[in-house]
Amino acid sequence: MKILVNAQPLLTKKTGVGNYVLKISEEFLKTCPENEFSFYYGGLSVNSLDFTTGGMGGLKKVEGLRKLIMRIPKVRGLFGRIKKLASRRALQNQDFDIYFETNFVPELSVRAKKTVVMVFDLSFLNRDWTPDYRYKFFSENFGKNLAKADLVLTCSETIKKEIIVHYGLPEKKVKSVYLGIDRSIFNPVHDSAIKTGMSGKYILFVGSIQPRKNISGLIKAYSELSPELRAEYKLALVGFDSWNFDRKELSSGADIRLIENVTDDRVLAEIYRNASLFVFPSFYEGFGFPPLEAMACGCPVIASSGTPLPEVCGKGAVYFNPNSVSELAARIEEVLSNNKLRNSLVENGKEVSESYSWEKCGKETLKVFSELIADIPAV
């Protein structure tokens, strides 16, 4: 098969989408070298991942400019037209079996037999969870462009059902394939050579800092813990300030710490290993990498009952209602004070995390592509 992968998410700060694009592309190249893969980087299509994995340099420095552009309507519209012209020029005179749109909206001008679009979640439907420019873009483009897809791929059965119900798609047009984690990095083996810059006991959150992640609820729950527990355990938030987060909420001083720009997964893994507890309070997710990474590193996990975390994390976590600060505080106190429960979560979490791998995700995704191409009637 000749497959085009939209690799543009690799040009921005590392997020769940960018991590997915990198890992799934690496597995494609390892699993089926007989296929021909092209990676589109915005005006440029190459047959290698080295364009990004070799060091982004100046390209990553334009991320701030891109964010500014997306906030100015007239400039954003011009930028969109330029992108379409660039993709048309970069991909002209090329034919593909599969165009794999990795980031929700199939926009590229591609000649392909089949189009597969990856939809991680439907969070963009909630205005409180979405920046205005992104809400407008998805309102205008997602539904109509989804019709261009021959198949919609997603990462959990929960999100699959949401897509089918909300957009009225036939079940055969939507498939779910679980994502993976890299257990060569995320594992319980401590590396004393890695310096995290953190000390003492701490409760950990990892993820982008934005309303959907319910950071405010976590901070409030932490403030409800007993003075003894707050004195023993600090709260560490690891992630970049995505949007609409009031740093005044960190006013508890030395008890709460925001750690930004952890770009090395080996450092992140050691942060997980050293944590006393991992808490993932999100209202809504598409999959949820951090709780699985924490489990793989031997850290007990508390997760919200928000979509689709119970499906993904299974028996590896204790759950709470993300709308209840008091319930979250009670769960934190329960896990920190109950060694038997903590040990059970560590063991169950290890078992759950072992069922997720990028190798499995890559093979299942390529199988979906092959089946889609096989359905094309012979001429």
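The values are calculated or read from the model by the stated rules, or taken from the named source; none is laboratory data. What you see is a predicted model; the values in this text were computed from it and never measured. Because the Cβ atoms are built from the backbone with ideal geometry, glycine has one as well, and the counts that use them run over all protein chains shown.
Points to keep in mind about this one:
- Counting the residues of segment 1-23 that are at pLDDT 90 or above, part of a helix (DSSP H, G or I) and buried (at least 22 other Cβ atoms within 10 Å of the Cβ) gives 2.
Yes/no matrix, rows are residues, columns are (1) under 19 Å from residue 275 (Cα atoms); (2) in the same structural domain as residue 310 (by TED's automatic domain parsing):
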| position | (1), (2) |
| --- | --- |
| 172 | no, no |
| 196 | yes, no |
| 215 | yes, yes |
| 222 | yes, yes |
| 225 | yes, yes |
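- Applying the set (1) modelled with pLDDT under 60; (2) touching a strand residue (DSSP E or B) at 6+ places or on another chain (Cβ under 8 Å); (3) on the phi > 0 side of the Ramachandran plot to residue 55 leaves exactly one unmet item: (2).
- Residues that are touching a residue at least 60 places away in the same chain (Cβ under 8 Å) and part of a loop (DSSP other than H, G, I, E, B) within segment 120-131 comprise 120, 121, 126, 131, listed in sequence order.
- Residue, nearest to the chain's Cα centre (by Cα), within segment 82-108, restricted to residues that are among the β-branched types (Val, Ile, Thr) and either in a loop (DSSP other than H, G, I, E, B) or at pLDDT 80 or above (or both): 102
- Every test in (1) in contact with a Cys (Cβ under 9 Å, 6 or more places away or on another chain); (2) assigned by TED's automatic domain parsing to the domain that holds residue 212 is passed by residue 362 save one, and that test is (2).
- Leading residue by the ranking (surrounded by the fewest Cβ atoms within 10 Å (Cβ to Cβ)) among those in segment 219-240 that are in contact with a helix residue (DSSP H, G or I) (Cβ under 8 Å, 6 or more places away or on another chain) and aliphatic (A, V, I, L, M): 229
- Cβ-Cβ contacts under 8 Å between residues 6 or more apart (or on different chains), taken from a first residue in segment 276-293 that is on the phi > 0 side of the Ramachandran plot to a second residue that is modelled with pLDDT under 95 and among the hydrophobic types (A, V, I, L, M, F, W, C), are absent.
- Odd one out for residue 310 among (1) part of a loop (DSSP other than H, G, I, E, B); (2) without any contact (Cβ under 8 Å) to a residue 24 or more places away in the chain: (1)
- Residue check, residue 115 over 14 Å from residue 99 (Cβ atoms), among the hydroxyl-bearing types (Ser, Thr, Tyr) and surrounded by 16 or more Cβ atoms within 10 Å (Cβ to Cβ): no
- Filter result for the condition that a residue is crowded, with 21+ Cβ neighbours inside 10 Å and among the hydroxyl-bearing types (Ser, Thr, Tyr), over 319, 272: 272
- Strands (runs of 3 or more DSSP E) wholly inside segment 253-307 containing at least 3 residues that are touching a helix residue (DSSP H, G or I) at 6+ places or on another chain (Cβ under 7 Å) and modelled with pLDDT of 95 or more: 277-280, 301-304
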